[in-house]
Amino acid sequence: MKKVIKTLFAIVISTTFANAQNTVNQKLDEVVVSANRASSTENTSNVQIISLEEIQNAPVQTIEDLLEYAINVDVRQRGGQGVQADISMRGGTFEQVLVMLNGIKLNDPQTGHHTMNLPVSLEQVERIEVITGGASRIFGNYAYTGAINIITKSEMANSISISGGQNAFKSGGINYHTTTGNLKHNISVNQKESDGYIEGMDYKIKNYYYQAKTDIDGINALFNAGYTNKEFGAFSFYTPKFPNQFEKTQTTFASLQLRKEGKITLENKISWRKNNDEFQLFRESSLAWPNWYSGHNFHETNVFSTDMNVIQKTKTGTNVIGMEMRANNIKSNVLGNDLENPIEINTNNFYYKGASRTTTNLFIEKNINLNDLAISAGIMMNIDSEYGNEYFPGIDMSYNISDNIKVFTSYNKSMRTPNYTELYYSSPTNQGNVNLKSEHSTNQELGLKWNGNSHKTTFTYYKREGENMIDWVLINGDSIWRTQNLSKLTTTGYELNS
């Protein structure tokens, strides 16, 4: 099967942040962005920065709402106030975008529907980096069509907020910052609930977040921990055939980052993310369930990760060697292979199935700055316990034509491994496929940036050639949607951001 999508003239004009457009002759402070493994102020790729000023002036209440204003980011929200949102970029799927919090990956191996289970609120965000195009050589898995990095504030303003509205909406939050010695603490508690704008769309959300930041003997340390609890009516979220659905998720997250600056910079990130999911296809009493429905779906995923970089500064740039190790697993009553011994969830439910995967990524990168020319080139070697060893090279280049005009181009290969839902899910309407292969793509980009006195304009042409694309397919004569690898899918487009 060959599908070719060619968007010959698809121009998206973003005039989101009027305050930034009306600023004349204003110089913005340099910020360190995650456009390469070394993280620097020199940006060779197409990165959009949503600044603190833009966040404060945007007419939004949640991070999901804010991302809808970013160029070529498609946000599909189910319900309001961040109940559930799927993020896609450049015509890709919601499984193909990497989401990070302070550089720590948050993607869930069960399904991309849980990726935006974030423990932070908009009040805690300093800025957001939106990196478009394939970026596997920098970030590894999930960065198939791009990446989003949410950067939190080092020092929040102390605040208390209470609000209410229609449909029994209630919201309350406390943000508190304090300093003990050279240690900065941020503590946030936020809760909100509503009966929903229609029946079956009610929700209760609780977020708890803690951040500590310090500098000890030249070692920068950042610790994050968070917990989010969501209970929500999922009316027709996953299938209109059985609309009265309900879901409960609990996500726990913790990370520690250490960075020692110098001629040789050492950086290490350690993180853990756990997600529990209870999905009820039928919210009604068990007396109303059909005979084939044996009970609700329960899942628990755990992701353990460590990411290490050694960065050597040179006269013309940096040399980087990095390694990332990720281990994830799932326990479920429907996804995975049969367990030797069932694991009790609660009084009446057990995990009968499970699966695990370990991946090691090795990175090599060279960054060069030669007057007006900047080059970032590298390769990622993916060592996967199930899918074998693969290589993903890439190069990003930019050239300053003048102080205000820059041209940039890139060529990168990217990948994404199938998640546990795509591999194992089985229902009367859907069937996963344990023989799925990883998605691969070749990404090309050419663009121009023009920073005028009263505007910032970027024009970009991009082309993505994908192989083994994973999709749910309904074949003629079949009544079940099945996951399959599509042979090829080519996407081309133009972007204009002004």
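The values are calculated or read from the model by the stated rules, or taken from the named source; none is laboratory data. Since we're looking at a predicted model, the values are computed, not measured. Ideal geometry is used to build each Cβ from the backbone, glycine not excepted, and the neighbour counts take in all protein chains shown. SASA here: full protein model, heavy atoms, side chains in, ligands and nucleic acids out. Shrake-Rupley method; radii C 1.70, N 1.55, O 1.52, S 1.80 Å.
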Margin query: If every alpha-carbon in region 283-374 counts as one equal scatterer, what log10 I(q)/I(0) does Debye give at q = 0.12, 0.21 1/Å?
Written below: -0.61, -1.03
Margin query: Checking the table Lys274/Lys437; Lys260/Lys413; Lys274/Lys353; Lys313/Lys406 against a 28 Å threshold on Cα-Cα, which pairs fail?
Written below: Lys260/Lys413
Note to self: Accessible area of region 281-406 with a 1.4 Å probe: how many percent of it is carbon plus sulfur?
What the structure shows: 54
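Would you mind computing Rg(Cα) / (2.2 N^0.38 Å) for region 429-498, counting N as its residues? Let's see the in-between values first.
Details: Rg = 18.7 Å, N = 70, 2.2 N^0.38 = 11.1 Å.
In units of the 2.2 N^0.38 Å rule of thumb, it is 1.69.
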Check: Taking the alpha-carbon set of region 372-473, what are its Rg and Dmax in Å?
Finding: 19.3, 61
Margin query: Given Cβ point charges of +1 (Lys, Arg) and -1 (Asp, Glu) and nothing else, what value in debye, to the nearest 20, does the dipole of region 150-258 about its Cα centre take?
Written below: 20
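Once you mark the GluC sites (Glu not before Pro) that are in a DSSP loop and have at most 14 other Cβ atoms within 10 Å, what is the longest gap between them in the chain? Before the final figure, lay out each step's value.
Working: sites that count: Glu30, Glu155, Glu199, Glu261, Glu284, Glu386.
That gives 31-154 as the longest site-free run.
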Next item on the list: Assuming 1.002 mPa s and 20 °C, estimate D for region 195-281 with Stokes-Einstein, Rh taken as the Kirkwood radius over Cα pairs, in µm²/s.
Entry: 135
Notebook entry, point to check: Using alpha carbons only, what's the Rg to Rh ratio of region 60-210 with Rh from Kirkwood?
Noted result: 0.99
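Classify region 425-470 as rounded, prolate or oblate from the Cα gyration tensor: take a ≥ b ≥ c as the square roots of its eigenvalues, call it rounded if a/c is under 1.5, otherwise prolate when a/b beats b/c and oblate if not. Don't jump to the answer; show the numbers that get you there.
Numbers: a/c = 6.68, a/b = 2.75, b/c = 2.42.
Prolate.
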Note to self: I need the phi-derived Karplus couplings for region 60-65: 6.51 cos²θ - 1.76 cosθ + 1.60, θ = phi - 60°, integer Hz, Gly and Pro marked x.
What the structure shows: 9, 10, 10, 5, 4, 4
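Could you check how many percent of all C-alpha pairs in region 354-409 are farther apart than 17 Å? Display every interim value, and only then the final one.
Values: 836 of 1540 pairs.
For region 354-409, the fraction of Cα-Cα distances above 17 Å is 54 percent.
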Notebook entry, point to check: Any idea what the dipole of region 257-334 comes to, in debye rounded to 20, about its Cα centre with Lys/Arg Cβ at +1 and Asp/Glu Cβ at -1?
Noted result: 600
Item checked: Portion, in percent, of the accessible area of region 408-498 that falls on carbon or sulfur, probe 1.4 Å -> 49
Check: Only one of the listed values, [x] 192; [y] 165; [z] 246, was derived from the coordinates as volume of the Cα convex hull per residue in Å³; which label is it?
Finding: [y]
Check: Of Ile395, Ile383, Leu373, which is farthest along the charge dipole of region 366-408 in the positive direction, counting Lys and Arg as +1 and Asp and Glu as -1 at C-beta?
Finding: Leu373
Next item on the list: Hey, for a label at Ile480 modelled as a point 7 Å past Cα toward Cβ, could you say which residues of region 434-468 have their backbone N under 17 Å away?
Entry: 434-436
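Let me spell out the model: positive unit charges on the Cβ of Lys and Arg, negative unit charges on the Cβ of Asp and Glu, origin at the Cα centre of the chain. What dipole size does that give, in debye rounded to 20? Mind dumping the intermediate values first?
Numbers: 45 positive and 50 negative charges, 139 e Å.
Its charge dipole is roughly 660 debye.
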Item checked: Calculated log₁₀ intensity ratio I(q)/I(0) where the Debye formula runs over C-alpha points of region 208-342, q = 0.11, 0.15, 0.18, 0.22 Å⁻¹ -> -0.63, -0.88, -1.06, -1.29
Next item on the list: Find me the longest stretch of the chain that has none of the exposed trypsin sites (Lys or Arg not before Pro), where exposed means in a DSSP loop (not H, G, I, E or B) with at most 11 other Cβ atoms within 10 Å.
Entry: 28-240
Next item on the list: May I have the count of lysine pairs in region 156-211 with C-alpha atoms under 19 Å apart, counting pairs 8 or more residues apart or located on different chains?
Entry: 5
